[in-house]
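Presented below is the structure to which this report refers.
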């Protein structure tokens, strides 16, 4: 539930960082913090709401054109200021979403090298690890030539899911980001480049976005993006124009987002059905150009999802077996990839996710594909999301932004 925003540009970045954090408040969090570069590295952190952080920033009179910020939901260590992000290691700062599974072993190694830890988090391990890579202190390594190389070396040693943003007072014109498992995207604007874990946090500055793939590490400057993939090769990712707008994620006249989205349900349903209304039957083409050919090869259906999406899948099981006459099973995504299953190459694997970034569902999709499943279909509300990009077919629900934590619009049951 943590949130990341970052910026490097020609203008003061504090207003964007704070606005981005406010936009991400719906995710839930227990503390917040930010760091900027301005005659060195400056940091402010606070337990509680973003409003508490705003007061700290004003009190410390922070400013800068390069910065990172974060809202934290405690996973390692209690909610407290010393556990809040960003975490620092001698002039470099890191914010992080996800969980590092091997952080204890890394922490032990770093402590033997003399690094002192001031938090209980796995994230502080990343900060010290990057510093150790910069200095060439790890066995079998040479000093990294720059921050980008150090981050590249550090993430290769991490196990788990993560999205990172890193800045250093030694390279004041650079923002480094990396992604593995946790969502992260870049914003492209005339005055600089931005990063966020959710597209909604970027809408105040741009609708032009670049979605990072697993294993990507990128170097952002005011004028450029240099990006390498998991194999270390330089690549370019497509810049798309998001269909979202700043107005779509504003609260408006409503008291809270759940109330707003409940009232949006009729319109969301109408938008979703619009593409098939008036047709005498459901045409395969709405799932993609190759759908008709794929469906001819399918002899059963496997639905993979989490939470409310899995409940929708259970209802769909009855409909698919009754109407289509195909056997249908439903799997909880977080359990599917941890058990031995028998792959069926003729089975259609359907993954359901409102955001298209649900970590367990994405991992289950990758597992299914590794088992030999090539017939894949995503039911999702976000056309640019990771899950949609990884499936052969897709159905976009067109429910609009869903910011309320409780499921309100995305499920076929709603």
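The values are calculated or read from the model by the stated rules, or taken from the named source; none is laboratory data. Please read these numbers as outputs of a predicted model, since none were measured by experiment. Cβ atoms come from the backbone with ideal geometry, glycine included; neighbour counts cover every protein chain shown.
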Inset, instruction - Quickly run through the stretch 23-61 and pick out the residues that are surrounded by 17 or more Cβ atoms within 10 Å (Cβ to Cβ) and assigned to a helix (DSSP H, G or I). - result: 23, 24, 26, 50, 53, 54, 56, 57
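Please pick out the residue among 215, 252, 232 that is modelled with pLDDT under 95, surrounded by fewer than 15 Cβ atoms within 10 Å (Cβ to Cβ) and closer than 26 Å to residue 146 by Cα. Can you show your working first?
Numbers: 215 fails: surrounded by fewer than 15 Cβ atoms within 10 Å (Cβ to Cβ); 252 fails: closer than 26 Å to residue 146 by Cα.
Criteria check complete, one pass: 232.
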Legend entry - Evaluation of residue 115 against (1) in contact with a strand residue (DSSP E or B) (Cβ under 6 Å, 6 or more places away or on another chain); (2) farther than 23 Å from residue 179 by Cβ (one fails), failing number: (1)
Inset, instruction - Go through (1) at pLDDT below 95; (2) touching a helix residue (DSSP H, G or I) at 6+ places or on another chain (Cβ under 7 Å) one by one and return the number of the condition residue 171 breaks. - result: (1)
Legend entry - Looking only at the stretch 116-136, and only at residues there that are surrounded by fewer than 17 Cβ atoms within 10 Å (Cβ to Cβ) and in contact (Cβ under 8 Å) with a residue 24 or more places away in the chain, the one that is farthest from residue 104 (Cα to Cα): 118
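Filter the stretch 286-317 for residues that are touching a strand residue (DSSP E or B) at 6+ places or on another chain (Cβ under 8 Å), free of Cβ contacts under 8 Å to residues at least 60 places away in the same chain and assigned to a helix (DSSP H, G or I); which is surrounded by the most Cβ atoms within 10 Å (Cβ to Cβ)?
Looking only at the stretch 286-317, we keep the residues that are touching a strand residue (DSSP E or B) at 6+ places or on another chain (Cβ under 8 Å), and these are 286-288, 290-291, 294-295, 298-306, 309-310, 312-314, 316-317.
Right, trim to free of Cβ contacts under 8 Å to residues at least 60 places away in the same chain and you get 295, 299-301, 303, 305-306, 310, 313-314, 317.
Restricting the remaining residues to those that are assigned to a helix (DSSP H, G or I) gives 295, 310, 313-314, 317.
Working: 295: 16, 310: 19, 313: 28, 314: 13, 317: 16.
Looking at the filtered set, the residue picked out is 313.
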Inset, instruction - Could you please tell me which pairs satisfy a Cβ distance under 6 Å, a separation of 6+ or placement on different chains, a first residue in the stretch 332-343 that is more than 19 Å from residue 307 (Cα to Cα), and a second residue that is surrounded by 10 or more Cβ atoms within 10 Å (Cβ to Cβ) and at pLDDT 90 or above? - result: 343/371; 343/372
Legend entry - Qualifying residue in the stretch 69-88 (condition: in contact with a strand residue (DSSP E or B) (Cβ under 6 Å, 6 or more places away or on another chain), in the same structural domain as residue 147 (by TED's automatic domain parsing) and on the phi > 0 side of the Ramachandran plot): no
Legend entry - Yes/no for residue 99 being in contact (Cβ under 8 Å) with a residue 12 or more places away in the chain, closer than 17 Å to residue 173 by Cα and either under 23 Å from the mean Cα position of the chain (by Cα) or not assigned by TED's automatic domain parsing to the domain that holds residue 123 (or both): no
Inset, instruction - Scan the stretch 156-181 for residues that are surrounded by fewer than 22 Cβ atoms within 10 Å (Cβ to Cβ) and not in a strand (DSSP E or B) and report the count. - result: 5
Inset, instruction - Within the stretch 205-238, work out how many residues are assigned to a strand (DSSP E or B) and more than 17 Å from the chain's Cα centre (by Cα). - result: 7
Legend entry - Extreme residue, modelled with the highest pLDDT, among residues of the stretch 365-407 that are out of contact with any helix residue (DSSP H, G or I) (no Cβ under 7 Å at 6 or more places or on another chain) and closer than 19 Å to residue 311 by Cβ: 379
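Name the strands (runs of 3 or more DSSP E) wholly within the stretch 62-151 that hold at least 3 residues that are at pLDDT below 95?
On the way: elements: 66-72, 87-89, 92-100.
Answer list for the stretch 62-151: 92-100.
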Legend entry - Criterion violated by residue 362 - all others in (1) at pLDDT below 85; (2) crowded, with 21+ Cβ neighbours inside 10 Å satisfied: (1)
